[in-house]
Amino acid sequence: MQNEEISITPGKRDEPAPELLAVVDLGSNSFRLEIGEVHGGHIRVLETLRDMLRLASGLDKKNRLTKSAMNGALKCLARFRDRLSHFDPKQVRAVATNTFRVATNIAEFLPEAEAALGFPIEVISGYEEARLIFLGTSYCLPRSKANRLIIDIGGGSTEFAIGSGHTPKRLESLKQLGCVSMSQRFFDNNIVTDAQFKNAETYARAEIVDIADDFDSSHWDEAFGSSGTAAALAEILEQNGFSDNGITPEGLAQLKKVLLARKKLNTLTLAALKPERVPVLAGGLVIMSAILEELRIPRLFPVGGALRLGAMYDLMERHFDQDTRVMTVEHWINHHRVNKDHVSRIANLAVRFFAQILPDADASQRQMLYWSGLLHSVGISISGIGFHRHSSYMLRHGDMPGFSSLEQEQLATLTLMSRGNLVKAGKLLMDKLLRAQILALRLSLILYRAHRPIELPDLSVTFNKKMIRFHIDPAWLSDHPLIEYLLNKEAAEWTSIGFRWRNV
């Protein structure tokens with residue numbers, strides 16, 4: 001293990017109490033485990049473990065994680081698991097960022113990583129990462145109504161957020177800009193030349209210029225940097241006399257001169273420059289310089305918090321039934337003018353069917369099915385024809401604060417499978433849980449096809465291996481010929497792909 005840091009504050013408890021929460025941050029530069037304790041709506045950090053893995057440097061030319069990189073990550077996660085061995089799953093949230101997003105072999109690595117850690121891992125989107133970063137930093141800054149710009153230069157990407165209080169108003173993520181990836185791309189030979197710097201600066205500014213109109217100084221009152229890169233640069237500039245307070249364009253220019261004069265990074269010595277920061281210093285410096293230039297930032301101040309603390313506060317809200325995802329679903333329903341009464345009937349009935357099919361299923365899966373029922377028709381805002389396909393695309397690619405990429409993918413999959421033929425499901429129907437969710441949602445849409453309240457008879461459904469048994473009163477059904485017709489079509493659809501359907 002490289003550069004592990006452990007810091008423990010007084011009052012640490014050996015055994016976790018219900019108010020203890022833990023966040024695992026699987027970043028492109030380092031993996032961190034942070035444990036905090038909830039006190040009256042605020043969190044006091046008790047313990048931090050860090051392993052400087054630089055996972056982003058473990059991507060090959062095809063964006064596949066190398067075996068060596070994966071092995072190093074698994075060993076680190078096993079150490080984290082040992083510390084979390086007494087934690088309840090509800091007390092732990094593990095989030096993975098850019099390298100997990102871009103790695104082309106992540107599907108085969110993720111199950112191994114989850115097994116090593118002992119907890120599910122959420123691969124979050126760049127927008128969700130920016131949201132959590134803003135949330136975390138907002139709790140480390142004095143209360144203010146001012147609009148604040150938060151910038152986080154990570155190992156594989158850079159996130160931007162503008163907002164006030166604890167609420168972000170504008171979010172962005174640039175996946176091509178990270179201190180590890182930029183250093184590897186432009187300064188991998190351990191030599192820093194003027195030509196390399198110019199090429200790197202041109203590349204970085206070309207990425208940033210696309211968001212400059214939305215994030216320049218006309219939109220905010222204060223600017224802060226929340227990453228290790230920002231903290232390291234601020235300390236280097238201040239202790240070497242390049243800046244008297246925070247990060248400035250002039251201070252960065254002086255640091256650049258020092259790097260160009262020395263040329264070899266491994267021989268560089270500066271006050272406050274830690275050995276672990278040397279390999280990624282040039283990449284981080286280039287990105288920060290381009291950001292200050294393009295966004296017209298005269299001075300940027302380092303701030304703590306960031307992703308880990310944001311994820312912990314988000315976890316605390318879920319712990320006390322203030323789930324951000326609930327607010328996101330409400331926003332989507334209102335924004336896309338969905339008939340909430342109608343979709344609520346569908347969602348509730350789907351959960352009822354699902355509980356009959358898989359009574360021992362995890363509550364989180366019932367929740368995902370419920371949200372799928374509420375959101376299945378958002379695509380009608382685009383077109384009523386094939387709206388389930390539009391809904392699926394929107395849920396897969398839309399900005400959904402609080403939801404992980406995997407959760408958005410699940411919502412999108414269930415929505416796509418809620419109507420139409422089942423051939424498109426392919427191997428998905430081999431998954432017992434997903435199969436049950438799909439059947440439950442499809443039946444609910446059929447029974448509430450009329451978009452109005454309807455008094456349903458006694459209903460029951462079971463789904464054992466290849467056999468579906470569905471019970472509905474035949475007399476009631478004969479009084480509702482459209483529903484009878486649609487149920488017969490549904491039975492034929494499942495039969496066509498190898499399942500048996502029996503009305504009982």
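The values are calculated or read from the model by the stated rules, or taken from the named source; none is laboratory data. Please read all numbers here as calculations on a predicted model, not as lab measurements. Every residue, glycine among them, receives a Cβ derived from its backbone with ideal geometry; neighbour counts consider all protein chains shown.
The conditions are (1) in contact with a His (Cβ under 6 Å, 6 or more places away or on another chain); (2) buried (at least 17 other Cβ atoms within 10 Å of the Cβ), and I438 fails exactly one of them. Which is it?
(1)
Any idea which residue in region 312-347 is surrounded by the most Cβ atoms within 10 Å (Cβ to Cβ), counting only those that are assigned to a loop (DSSP other than H, G, I, E, B) and out of contact with any helix residue (DSSP H, G or I) (no Cβ under 7 Å at 6 or more places or on another chain)?
N339
If only one of F301, F353 is more than 18 Å from E122 (Cα to Cα), outside any helix (DSSP H, G or I) and in contact with a strand residue (DSSP E or B) (Cβ under 9 Å, 6 or more places away or on another chain), which one is it?
F301
Being surrounded by 15 or more Cβ atoms within 10 Å (Cβ to Cβ), aliphatic (A, V, I, L, M), touching a Lys or Arg at 6+ places or on another chain (Cβ under 6 Å) and within 21 Å of R366 (Cβ to Cβ) narrows it down to one of L447, L429, L414, so name that one.
Exactly one of L447, L429, L414 is surrounded by 15 or more Cβ atoms within 10 Å (Cβ to Cβ), aliphatic (A, V, I, L, M), touching a Lys or Arg at 6+ places or on another chain (Cβ under 6 Å) and within 21 Å of R366 (Cβ to Cβ), namely L429.
Residues L428, L414: which one is within 14 Å of S444 (Cα to Cα) and part of a helix (DSSP H, G or I)?
After ruling out the rest, the residue left standing is L414.
For R262, indicate whether it is surrounded by 16 or more Cβ atoms within 10 Å (Cβ to Cβ) and closer than 27 Å to M52 by Cα.
Numbers: surrounded by 16 or more Cβ atoms within 10 Å (Cβ to Cβ): no; closer than 27 Å to M52 by Cα: yes.
For R262, the condition - surrounded by 16 or more Cβ atoms within 10 Å (Cβ to Cβ) and closer than 27 Å to M52 by Cα - is not met.
If you take the residues of region 84-122 that are in contact (Cβ under 8 Å) with a residue 24 or more places away in the chain and of a type in the set (G, A, S), which of them is nearest to M316 (Cα to Cα)?
If we take residues in region 84-122 being in contact (Cβ under 8 Å) with a residue 24 or more places away in the chain and of a type in the set (G, A, S), then A94 is nearest to M316 (Cα to Cα).
May I ask you to list pairs of residues, at least six apart or on different chains, whose Cβ atoms are under 9 Å apart, with the first in region 252-268 being touching a residue at least 12 places away in the same chain (Cβ under 8 Å) and the second being assigned to a helix (DSSP H, G or I) and surrounded by fewer than 11 Cβ atoms within 10 Å (Cβ to Cβ)?
Note: pairs meeting the criteria are L260/D194.
Tell me, yes or no, whether region 428-451 has at least one residue that is under 30 Å from L110 (Cβ atoms), among the acidic types (D, E) and at pLDDT below 95.
Scanning region 428-451, I find at least one residue that is under 30 Å from L110 (Cβ atoms), among the acidic types (D, E) and at pLDDT below 95, so the answer is yes.
Inspect all residues belonging to region 439-460 and state whether any of them is in a loop (DSSP other than H, G, I, E, B), assigned by TED's automatic domain parsing to the domain that holds F353, within 16 Å of K489 (Cα to Cα) and not charged (D, E, K, R). Spell out the reasoning first.
From region 439-460, those in a loop (DSSP other than H, G, I, E, B) are 448-458; that's our starting set.
Then drop every residue that is not assigned by TED's automatic domain parsing to the domain that holds F353, which leaves 448-458.
Adding the requirement that they be within 16 Å of K489 (Cα to Cα) leaves 448-449.
Of the ones still in play, those that are also not charged (D, E, K, R) are 448.
Checking region 439-460: at least one residue is in a loop (DSSP other than H, G, I, E, B), assigned by TED's automatic domain parsing to the domain that holds F353, within 16 Å of K489 (Cα to Cα) and not charged (D, E, K, R).
Out of the residues in region 218-249 that are at pLDDT 95 or above and loosely packed, with under 14 Cβ neighbours inside 10 Å, state the one that is farthest from T158 (Cα to Cα).
Taking the candidates together, the pick is G241.
Residues that are farther than 30 Å from F224 by Cα: which helices (runs of 4 or more DSSP H) entirely in region 46-155 hold 1 or more of them?
67-83, 106-117
Being over 16 Å from R419 (Cα atoms) and touching a residue at least 60 places away in the same chain (Cβ under 8 Å) is the requirement here; does S478 meet it?
No, not satisfied.
Consider A361 carefully, then state whether it is surrounded by 15 or more Cβ atoms within 10 Å (Cβ to Cβ), at pLDDT below 95, farther than 30 Å from E159 by Cα and over 23 Å from the mean Cα position of the chain (by Cα). Break it down into steps so the answer makes sense when it comes.
Numbers: surrounded by 15 or more Cβ atoms within 10 Å (Cβ to Cβ): yes; at pLDDT below 95: yes; farther than 30 Å from E159 by Cα: yes; over 23 Å from the mean Cα position of the chain (by Cα): yes.
Judged against the criteria, A361 is a match.
Can you work out which of the residues in region 257-298 that are out of contact with any helix residue (DSSP H, G or I) (no Cβ under 9 Å at 6 or more places or on another chain) and in a helix (DSSP H, G or I) is nearest to K198 (Cα to Cα)?
K257
For region 281-291, check the following and say yes or no: at least one residue is of a type in the set (S, T, N, Q), over 24 Å from A204 (Cα atoms) and surrounded by 15 or more Cβ atoms within 10 Å (Cβ to Cβ). Can you show your working first?
Initially, region 281-291 is screened for residues of a type in the set (S, T, N, Q), giving 289.
Filter again for over 24 Å from A204 (Cα atoms), leaving none.
No, every residue in region 281-291 fails to be of a type in the set (S, T, N, Q), over 24 Å from A204 (Cα atoms) and surrounded by 15 or more Cβ atoms within 10 Å (Cβ to Cβ).
Name the residues in region 237-251 that are touching a residue at least 40 places away in the same chain (Cβ under 8 Å) and within 11 Å of L285 (Cα to Cα), would you?
I247, P249
Before we move on, is G163 surrounded by 15 or more Cβ atoms within 10 Å (Cβ to Cβ) and either modelled with pLDDT under 95 or assigned to a loop (DSSP other than H, G, I, E, B) (or both)?
no
Pull up region 481-504, narrow it to residues that are assigned to a helix (DSSP H, G or I) and touching a residue at least 40 places away in the same chain (Cβ under 8 Å), then point me to the one that is surrounded by the fewest Cβ atoms within 10 Å (Cβ to Cβ).
S496
Assess whether L406 counts as being under 30 Å from R131 (Cα atoms) and in contact with a strand residue (DSSP E or B) (Cβ under 9 Å, 6 or more places away or on another chain).
Answer is yes for this residue.
One line per residue, one yes/no per condition, for (1) modelled with pLDDT of 95 or more; (2) assigned to a helix (DSSP H, G or I):
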position	(1), (2)
G373	yes, yes
I380	no, yes
I385	no, no
L395	yes, yes
P401	no, no
E407	no, yes
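Among the numbered criteria (1) touching a strand residue (DSSP E or B) at 6+ places or on another chain (Cβ under 6 Å); (2) at pLDDT 95 or above; (3) over 25 Å from R277 (Cβ atoms), which single criterion is violated by R81?
Of (1) touching a strand residue (DSSP E or B) at 6+ places or on another chain (Cβ under 6 Å); (2) at pLDDT 95 or above; (3) over 25 Å from R277 (Cβ atoms), only one is false for R81: (1).
A116 passes all but one of (1) outside the structural domain of H42 (by TED's automatic domain parsing); (2) in contact with a Cys (Cβ under 9 Å, 6 or more places away or on another chain); which number fails?
Answer for A116: the failing condition is (1).
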